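Only one structure is covered here, and it is reproduced in the block below.
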Amino acid sequence: MNSIRVNGVLRETDAEPDTPLLWVLREQFALTGTKFGCGLGVCGACTVHVDDQPVRSCLLAVKAVHGKSVVTIEGIGGETMHPVQIAWIEHQVPQCGYCQSGQIMAAVALLKRIPQPSDAEIDRAMTNLCRCGTYDRIRRAIHSAALAATG
Amino acid sequence: MKLPESPRRREFLRLSLLAGGSLAIGFAVPACERGDGQAAKRGAKVPEPVSAWLKVHRDGRLTFVNPHAEMGQGIWSSLAMVFVDEFGGDWATTEIEAGGLQPEFRLNPYVREVFTAGSSSIATGYLPVRTAAAAARELFLTAGAARLDVAVTELSLVDSRVRNRQGRSLGIGDLVDDVLRLPPPAKPTLKSDADLRYIGRGIAAKDIPAKVNGKAIYGIDFHVPGMQIATVKLSPVHGGRVVRSNAAEIEKMRGVRAVVPVPHGLAVVADTFWHARRAIDSLEIEFDAGDSTKVDDNSLFEAHSAAVRRQDGVVGYDEGNALALVGAGGNVHEATYYGPWLAHAPMEPMTCSARVTADRVDLWLGTQGLEYAANEVARVTGLAVDRVHVHNLMLGGGFGRRYESDYPVQAATIAKLYPGETIKVIWTREEDIQQDYLRPASMGLLRAALGSDGLPMALLVRVSAPAIAAHSPGFAQFAKPVDTTAIDGFANLTYEVPNRRFEWIQTESHLKIGWWRSVGNSLNAFFKECFIDELADKARIDPLEYRLRMLGGDKHAATRRLLTELGRAANWGHAPKGHVQGLALHETFGTMVGQIIELSVTGSQIRIHRITCAYDCGSVINPGPLEAQLRGSIVWGLTAALMGEINIDQGRIRQSNFHDYPLLSMSQTPAVDLVPALSGRAPSGVGEPGVPPVAPALANALYRATGKRVRRLPISRDGFTVASREG
């Protein structure tokens, strides 16, 4: 039995210990906001935060997060929306939207690490793939969220 | 802006009362109700028209029933916006729901099917939706006038309230019963441009908040308690069949319920995706695919090379005396171009949930081919098509892949074995790429005779390509005599060339082929626009000037304007030192797009500095999604041109995931400037037109840098890599 704090709530799972966290989240905990895109850790659609770090959950065995704290797209906003989510809506970032949970989680982690990132720092950190090509609006939304944080 | 011409058929509004008291407003088109769709052709019963484009609830809320699949093109909100703007509704309280198989949703006059493809949703839906909305508005104003005892001319419908100038108003919910008693208006009057609030200006999309907070439901997210999960493995060599497998052993794995047959492969049915996936990965299957295993990149290339040398192709058009003129001596130029197989790879792999009972099928999926899916599932379950209920969810990318019926048929095939149970099929990414309906490779041989002015006075185009349209029942009529996808971009050449001839050599293989964003234009533009550049070079005329000279007369005034605007915006001919520019111009599905790519080359590394993209889609309906689609299609086109290649080894696709089928990343995406060059005609689509000019503009720019022509895609074949954008 693995025990994880997900979005602030203690959850338990009897999934085999080597089950990827992605599928435990989606199927055992009914948190379908985190998406399956490749299963290889390349596309980033499955990005969640584990102890505040961005992690590709399709490659992370659930046993590795036993006793840890996981935050998903459903929990990143808390009571209201996260400033990154607000920026995402303001800039109408998503097209099909399937990659966007992962993009947002990666962006939140970036801004925690670098509150005022340059374009080059955004490029280096945001390696999540988007087949619809929303990259330029992702970049603008990150800059907006960074600016909003300066008050 | 100009509105499209009224279709010749008669249209009328239909009103009905739904259970619960809401008013349903439909826009029934008699031609649809005769069942001109494919189902009727096969003698199947056509569903009773359920007339509901708009629902007016007693509390005044509106629900717009959207005919189309939402795959990131923004049609979900755009079409609802058009209705609400013309009607006078309150956008804030408007909800949108997905339509089903309703005859009035067969909006395309050429393809009598409910589908979303071909950059046609706005072009085909704009006028019908506005007309229906205007008629609905007039009904509510008439009802309001009677209730308030004033002339209709004293009233307006704003934010879902019928108001007079003095401030008296009635909510539309309160007028439902009155409206039901009225005859629908014969010929409603559309609002003038001055009275529109949203059309042409834009609106906040209704689907975006859920796509930002994780609540949006895609096909892969659909869930009911107790549902079973399946995943599949099909013959990697398309068309093959299962000979034997170790299914009996695999069925013993934890969580596995059964291993069952599906067309061309096997499915594992289990309690969770991970259990299904582990089982499918352990499943050893022997397939038999016969001679198809002998096919590879070389044999396919050789087949095309031989094909374009043939003189007996099907003639698509033959104006003047092209064949003789390009055969005579003199100033003749010839070039042959080739483009590879490409996969779609939408971010959400193929997935569909199905529940089959004795008298009903429910499908939950994201599909561009709603009617096609219903027809094919009806066929495999033996039920009438009106018993198949398609619940269209958000699509994690479509790009033409989600038009196909293979994955809903697969889900229904499995679900049929478990009557009453809901089975969700989720493909692995490997299966999604390996079982794609590919953009086929094709080859183009072009030969031109230049006149004394250096311009082509005769042009022969010979394309070796398979018949894409032929594989879809709804589009098969466009496969003869020449498959429309093979001649796209040449039939509508744009440039004035007095002698023109087109020949198609149909070259097939065992590989599954399908509709890939911009379809035949994706390679025909590469053939055409690279060749035009080669002719310009031969004539020693600037490529932009060369094209302008072939676009004389009033007919091409808008295109000349677009090209000139493009050149100005991109500073054509004045690139900074060390930079080169390449140009391409192409019309796709009625929308003209010109692009200039500015890049520099250092060794084998390409750095793209800027892409300028001018477009004429007639008029702008919803600017946000329009720009998003143009930018997105440039990223799509760049991925393909720079690095896109599906290789075939021993009959099967080599690539299987994003490690060997890479997509352009954010760091590789250059700055794009969009330049509107709108002619003001009725709107055409922008989902695909931004794709075709990318490859030739890139190749034409590379020639300036290297002196070498790229005649075969992708660019990476010549050893080029793409550097990250400038910071």
Selected residue [free of Cβ contacts under 8 Å to residues at least 40 places away in the same chain, within 14 Å of chain A (Cβ to nearest Cβ) and either out of contact with any His (no Cβ under 7 Å at 6 or more places or on another chain) or of a type in the set (Val, Ile, Thr) (or both)] from B:Val212, B:Val224: B:Val212
Taking B:Ile433 as the residue in question, decide whether it is farther than 30 Å from B:Gly382 by Cβ, out of contact with any Lys or Arg (no Cβ under 7 Å at 6 or more places or on another chain) and crowded, with 20+ Cβ neighbours inside 10 Å. yes
Answer with yes or no whether B:Leu563 is open to solvent by less than 10 Å² (accessible area, probe 1.4 Å), at negative phi and under 27 Å from the mean Cα position of the chain (by Cα). yes
Given (1) within 14 Å of another protein chain (Cβ to nearest Cβ); (2) surrounded by fewer than 19 Cβ atoms within 10 Å (Cβ to Cβ); (3) touching a Gly at 6+ places or on another chain (Cβ under 7 Å), identify the lone condition not met by B:Leu678. (1)
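Considering region A:113-125 alone, what residues qualify as being under 11 Å from A:Ala146 (Cβ atoms) and in a helix (DSSP H, G or I)?
Answer for region A:113-125, where residues must be under 11 Å from A:Ala146 (Cβ atoms) and in a helix (DSSP H, G or I): A:Glu121, A:Ile122.
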So which residues in region B:178-229 are among the small types (Gly, Ala, Ser) and out of contact with any Phe, Trp or Tyr (no Cβ under 9 Å at 6 or more places or on another chain)? B:Ser192, B:Ala194, B:Gly200, B:Gly202, B:Ala210, B:Gly214, B:Gly226
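In this structure, does B:Ser656 turn out to be free of Cβ contacts under 8 Å to residues at least 12 places away in the same chain and either more than 12 Å from chain A (Cβ to nearest Cβ) or more than 17 Å from the chain's Cα centre (by Cα) (or both)?
no
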Report whether or not B:Asp554 is in contact with a helix residue (DSSP H, G or I) (Cβ under 8 Å, 6 or more places away or on another chain) and of a type in the set (D, E, K, R). no
Exclusive hit being open to solvent by less than 20 Å² (accessible area, probe 1.4 Å) and closer than 30 Å to B:His389 by Cα, set B:Arg106, B:Arg112: B:Arg106
Name the residues in region B:394-411 that are surrounded by fewer than 24 Cβ atoms within 10 Å (Cβ to Cβ) and part of a loop (DSSP other than H, G, I, E, B), would you? B:Ser405
Only one of B:Val150, B:Val111, B:Val129 is touching an Asp or Glu at 6+ places or on another chain (Cβ under 9 Å) and β-branched (Val, Ile, Thr). Can you tell me which? B:Val129
When the residues of region A:38-77 are filtered to those that are among the small types (Gly, Ala, Ser), away from chain B (no Cβ under 14 Å) and not in a strand (DSSP E or B), which remaining residue is surrounded by the most Cβ atoms within 10 Å (Cβ to Cβ)? A:Ala64
Taking the conditions exactly as written (farther than 24 Å from B:Ala24 by Cα and of a type outside the set (Lys, Arg)), does B:Ser169 satisfy them or not? no
Give just the number: which of (1) under 24 Å from B:His471 (Cα atoms); (2) touching a Pro at 6+ places or on another chain (Cβ under 9 Å); (3) crowded, with 21+ Cβ neighbours inside 10 Å does B:Leu535 not satisfy? (1)
First in region B:625-641 and at the interface with another protein chain (Cβ under 9 Å from one of its Cβ atoms), second anywhere and assigned to a helix (DSSP H, G or I) and open to solvent by 10 Å² or more (accessible area, probe 1.4 Å), Cβ under 8 Å, 6 or more apart: B:Ala628/A:Arg137; B:Arg631/A:Asp136; B:Leu638/B:Gln668
Top-ranked residue in region B:707-727 [being part of a loop (DSSP other than H, G, I, E, B) and within 14 Å of chain A (Cβ to nearest Cβ); ranked as farthest from B:Ser600 (Cα to Cα)]: B:Gly727
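The values are calculated or read from the model by the stated rules, or taken from the named source; none is laboratory data. Being a predicted model, the structure only gives us computed values, none of them experimental. Please note: Cβ atoms are built from the backbone with ideal geometry, for glycine as well, and neighbour counts cover all protein chains shown. Heads up: the accessible areas ignore ligands, DNA and RNA and are worked out on the full protein's heavy atoms, side chains in. Shrake-Rupley method; radii C 1.70, N 1.55, O 1.52, S 1.80 Å.
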